[in-house]
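In what follows, a single structure is set out as structure tokens and then discussed.
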Number of protein chains: 2
Amino acid sequence: MTTGLGTSPARTSYRHGDLRRALIEAGVDLAGEGGPSAVVLREATRRAGVTPSAAYRHFADRQALLDAVCSSCQALVARAIEADQARIHCDDAAEAARLRFRAVGTGYLRFALEEPGRFQTAFSASSDLESATSSARAGEHGLTPFQLLTVALDDLVTEGLLPAQRRPAAEFLAWSAVHGLAELFIDGPLRALPDPVKQTLITRVIDMVEQGL
Amino acid sequence: MTTGLGTSPARTSYRHGDLRRALIEAGVDLAGEGGPSAVVLREATRRAGVTPSAAYRHFADRQALLDAVCSSCQALVARAIEADQARIHCDDAAEAARLRFRAVGTGYLRFALEEPGRFQTAFSASSDLESATSSARAGEHGLTPFQLLTVALDDLVTEGLLPAQRRPAAEFLAWSAVHGLAELFIDGPLRALPDPVKQTLITRVIDMVEQGL
DNA sequence: GCTGGTATGTGTACGTTGTGCACATGTGAG
DNA sequence: CTCACATGTGCACAACGTACACATACCAGC
């Protein structure tokens, strides 16, 4: 399902065509199978049908490949959030803003539970504030997960649901709570919890953020 | 500073004496220098003045060593929390309980900022709910970080600061927020923030938890 | 249309890591 | 004193990241 066919028809020619993209895709597959540590340069080249050294024509080193894979995975997170937001149909503008805000959390956590390997990879590479807004990490609307959260909070202020004086740095507070829960789920003590209980916790954490912001 | 002298006087005899402990200590040093990925079996044996294979008399594999190192690091987190709690002097029992609760957060985050490598290592290995209460991870009072949080929350209920019906699972909500902020600080987008700003965020996250629980 | 330069992939090699297995050496129980 | 067991050594192997010289395909300019 992951190898060959659509992407690389067992390449006949010397040239590959789009090796860079192929390596990133292989890397994202590997990330899904075993998290960031499973993104192994040699295995990625193997899946692309290419010699290990070939990777160095497109990436400075393994970390550079991992960074690219990480960006792709963040884009997947953005899409998950967008998917949850797209299902909202609400006439009341204020309530709609509130639901969009909550959807950032539910989409984020849904992705963490459905794709733990890719989720961990998405946030494994150290990124600073500017790279958190790089377009390589964006979803369909061109926004990164972080930017989606920022927009949702701005809308809360616009709709009068969040006092303006509490707006500064609010994205970091919300992100902390939601991301922390994801970590607890993925390889923290809450890993073995049955799914319904997890869903309850997701709701409660988002409640806490909404009330405590 | 880390090698030899106090711990291993360049061993003269064939036997080491307490290799298991020496390997864990070397591992904790390595964790402090470069996080979980830096705790490398061969380097640990090197620092203990011993052949790589010797490690396998005490640990099944590298992961087993890392687990032990992780437990030691969690014990350090517990001590950091205990240290913050010990500085509280307050006659009002309710206020004291509230401060002890907040000290769990400040101690946890202080350790994360002071010892990022060891902090990451402490929570790198996947642990379930029972191992989160293992005595190897406990501080001076015999309680793990997680148990310290649990006790602090129980006290909040006792003092009437937290409604009993909101008590269940509250440790997971609080842990999520605080741990998530730590991640943002260590290798998330908030890494480069000046220290005073970080301190402000710490206060605000704990405020959020207190208010949102 | 040929030719040469550049981008891209190959082959080979080196050092490092985790780990298994046969062997050596201490240490304590009988 | 001796022998079994625990513990450390030596050597080997596969996998990984990475460097470097070489081979090949494509593009520009004549």
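The values are calculated or read from the model by the stated rules, or taken from the named source; none is laboratory data. Everything numeric in this text was worked out from a predicted model, so none of it was measured. So basically every Cβ, Gly included, is an ideal-geometry build from the backbone, and we count neighbours across all protein chains shown. Just the protein is used for accessible areas: all its heavy atoms, side chains included, with ligands, DNA and RNA removed. Shrake-Rupley method; radii C 1.70, N 1.55, O 1.52, S 1.80 Å.
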Self-check item: Of the DSSP H helices in chain B, those whose Cα atoms cover at least 15 Å axially and whose Kyte score averages 0.0 or more
Solution: B:19-34, B:62-86, B:93-114, B:145-158, B:170-187
Quiz item: Just by accessible area at a 1.4 angstrom probe, what is the order of B:GLU82, B:GLU210 from largest to smallest?
Solution: B:GLU210, B:GLU82
Practice problem: Mind checking the per residue accessible area of the protein assembly as shown for me, 1.4 Å probe, whole number of Å²? | Solution: 48 Å²
Exercise. With runs of 4+ DSSP H residues as the only contributors, calculate the mean residue ellipticity of chain A at 222 nm using -39,500 (n - 2.57) per run, divided by the residue total and rounded to the nearest 500.
Key: -19500 deg cm²/dmol
Quiz item: Going by the alpha-carbon gyration tensor, a ≥ b ≥ c the square roots of its eigenvalues, is segment A:26-72 rounded (a/c under 1.5) or, if a/c is not under 1.5, prolate (a/b greater than b/c) versus oblate?
Solution: oblate
Quiz item: Could you give, in nm with one decimal, how far B:SER53 is from each other copy of that position, shortest first, with labels 7 Å out from Cα toward Cβ?
Solution: 3.5
Quiz item: Is segment B:13-115 best put as rounded, prolate or oblate by its Cα gyration tensor, with a ≥ b ≥ c the root eigenvalues, rounded for a/c under 1.5, and otherwise prolate when a/b is larger than b/c, oblate when not?
Solution: prolate
Self-check item: Rounded if a/c under 1.5, otherwise prolate or oblate - the protein assembly as shown, Cα gyration tensor axes
Solution: oblate
Exercise. Describe numerically, in nm with one decimal, the distance between label points set 7 Å from Cα along Cα→Cβ at B:HIS141 and at A:GLU33.
Key: 4.7 nm
Self-check item: Size of the A/B contact, given as accessible area buried on both chains, probe 1.4 Å, in Å²
Solution: 2900 Å²
Practice problem: Give me the accessible area of B:ASP128, 1.4 Å probe, in Å² rounded to the nearest 10. | Solution: 60 Å²
Quiz prompt | For B:PRO163, inter-copy label distances in nm, listed shortest first [label point 7 Å out on the Cα-Cβ vector] | solution = 2.1
Practice problem: Report in % the part of the accessible area of segment B:19-62 that belongs to carbon and sulfur, leaving out ligands and nucleic acids; probe 1.4 Å. | Solution: 47 percent
Exercise. For B:ALA96, place a label point 7 Å out from Cα along the Cα→Cβ vector, do the same in each other copy, and report the separations in nm, one decimal, smallest first.
Key: 5.4
Quiz prompt | Residue-level accessible surface for A:ARG118, protein heavy atoms, 1.4 Å, Å² | solution = 40 Å²
Quiz item: Between segment A:46-89 and segment A:101-175, how many Å separate their Cα centres?
Solution: 18 Å
Quiz item: If r is the Cβ-Cβ distance from B:ALA94 to B:GLU114 and R0 is 51 Å, what FRET efficiency results, to the nearest 0.05?
Solution: 0.95
Quiz item: Counting alpha carbon pairs within less than 8 Å and at least 6 residues apart, what relative contact order, in whole percent, applies to chain A?
Solution: 19 percent
Exercise. Considering only protein heavy atoms, with the full assembly of protein chains and a 1.4 angstrom probe, order B:HIS16, A:HIS179, A:HIS89 by accessible area, largest first.
Key: A:HIS89, B:HIS16, A:HIS179
Quiz item: Which distance in nm do the two modelled labels at B:ALA83 and A:VAL157 give, with both placed 7 Å along the Cα-to-Cβ direction?
Solution: 3.7 nm
Practice problem: Determine the order of B:ASP91, A:ASP207, A:ASP195 by accessible area, beginning with the largest, at a probe radius of 1.4 Å. | Solution: B:ASP91, A:ASP195, A:ASP207
Quiz item: Are there residues in segment A:151-178 whose accessible area shrinks by at least 10 Å² when all protein chains are included rather than the chain by itself, and which are they (probe 1.4 Å, ligands and nucleic acids not counted)?
Solution: A:ARG166, A:PRO168, A:ALA169, A:PHE172, A:LEU173, A:TRP175, A:SER176, A:ALA177
Quiz item: B:ARG191 accessible area, nearest 10 Å², 1.4 Å probe?
Solution: 90 Å²
Exercise. Could you calculate the contour length gain from A:ARG46 to A:ARG191, that is, 0.36 nm times the residue separation minus the distance between their Cα atoms, to one decimal place in nm?
Key: 49.0 nm
Quiz prompt | P(r) of chain B over all Cα-Cα pairs, binned every 10 Å from zero, in whole percent | solution = 8, 31, 31, 18, 9, 2, 0
Quiz item: Extent of segment A:97-201 along each principal axis, from alpha carbon coordinates, in Å, largest to smallest?
Solution: 40, 31, 23
Quiz prompt | Among B:GLY139, B:GLY34, B:GLY105, residue whose mean-square fluctuation peaks in a GNM of chain B (springs only between Cα atoms under 10 Å) | solution = B:GLY34
